[in-house]
Amino acid sequence: MSEIGLRERKKRRMYRTVSDTAIRLFLERGFDAVSVAEVAAAAEISKPTLFRYFPVKEDLVLYRIADHEGEAARVAAQGPAPVEALRRHFLDGLRRCDPVTGLNDDPEVLAFHTLLYGTPALVARLYGHLERSEEALAGVLGGGLGARLAAGQIIAVRRILAQENWRRIAAGERIEDVRDDAVAAAGRAFGALAETLPRLWG
């Protein structure tokens, strides 16, 4: 068991190291200006080895948010009222300035979001991430068309709220000036979802 644990830890460390190396290069020179071969060389691995970990170039960036893919489903499964659980989770993220909420002014976080949302190929790949998040959440909500419709709206609300917070912070506004609006907007959005969505999957 310990050997399996060690192997898994080494694998995860490799993913993180290669992804971090790639993102550093992309931030320095631009996503399209850096080749996969250059990333492999900087990470001191072969190109075929890199492709075993990251089948496409875009995954080198998306790996950083891969652990959030099933987050909405995990949170929704925690309580009898999924939307309320998701509301509390998002508000807690705002309180902690979790980067996934967009309310974070760390220069590295802002640069990563600019890279992610400013690169068409990454935006297109991100769509798959959102689709899988919707699918997982729909499963928690019971499956079926109603659950898929509800999941799509929930994931969209989380994404739009986070992007609005990031947009304002990136434009130079202070967290202290954005936080109250962010909390109010999240409260309104999740409140509206709580009123309407349960009828879709109930």
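The values are calculated or read from the model by the stated rules, or taken from the named source; none is laboratory data. Given the structure is predicted, the values throughout are model-derived calculations rather than measurements. Ideal geometry is used to build each Cβ from the backbone, glycine not excepted, and the neighbour counts take in all protein chains shown. Heads up: the accessible areas ignore ligands, DNA and RNA and are worked out on the full protein's heavy atoms, side chains in. Shrake-Rupley method; radii C 1.70, N 1.55, O 1.52, S 1.80 Å.
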In region 23-52, which GluC sites (Glu not before Pro) are in a loop and have at most 12 other Cβ atoms within 10 Å, using DSSP for the loop call? Glu44
Candidates Gln153, Gln163, Gln78; GNM for the chain (alpha-carbon contacts under 10 Å) flags as most fluctuating Gln78
Out of Leu94, Gly146, Pro120, whose Cα points farthest toward the positive end of the dipole of the chain (charges: +1 Lys, Arg; -1 Asp, Glu; placed on Cβ)? Gly146
Would you mind working out the magnitude of the charge dipole of region 85-195 relative to its Cα centre, with +1 at each Lys and Arg C-beta and -1 at each Asp and Glu C-beta, to the nearest 20 Debye? 280
Please list the radius of gyration and Dmax for region 139-202, considering alpha-carbon atoms only, with Å as the unit. 14.4, 43
About its Cα centre, how strong a charge dipole does the chain have in debye, to the nearest 20, once Lys and Arg get +1 and Asp and Glu get -1 at the Cβ? 540
If ligands, DNA and RNA are left out, what is the accessible area of Glu176 with a 1.4 Å probe, given in Å² to the nearest 10? 120
Simple Cβ-charge dipole of region 86-147, Lys/Arg +1 and Asp/Glu -1, about Cα centre, in debye nearest 20: 180
Probe radius 1.4 Å, ligands and nucleic acids ignored: give me the carbon and sulfur share of the accessible area of the chain as a rounded percent. 53
Divide by every residue of the chain the summed helix terms, -39500 (n - 2.57) for each DSSP H run of at least 4, and state the resulting mean residue ellipticity at 222 nm, rounded to the nearest 500 deg cm²/dmol. -24500 deg cm²/dmol
Sequence of Leu126, Leu200 when ordered by accessible area, the most exposed leading, probe 1.4 angstrom: Leu200, Leu126
Using θ = phi - 60° and the Karplus form 6.51 cos²θ - 1.76 cosθ + 1.60, what ³J(HN,Hα) does each residue of region 83-89 get, whole Hz, x for Gly and Pro? 5, 5, 4, 5, 4, 4, 5
For the chain, report the accessible area per residue in Å² (1.4 Å probe, heavy atoms, rounded to an integer). 55
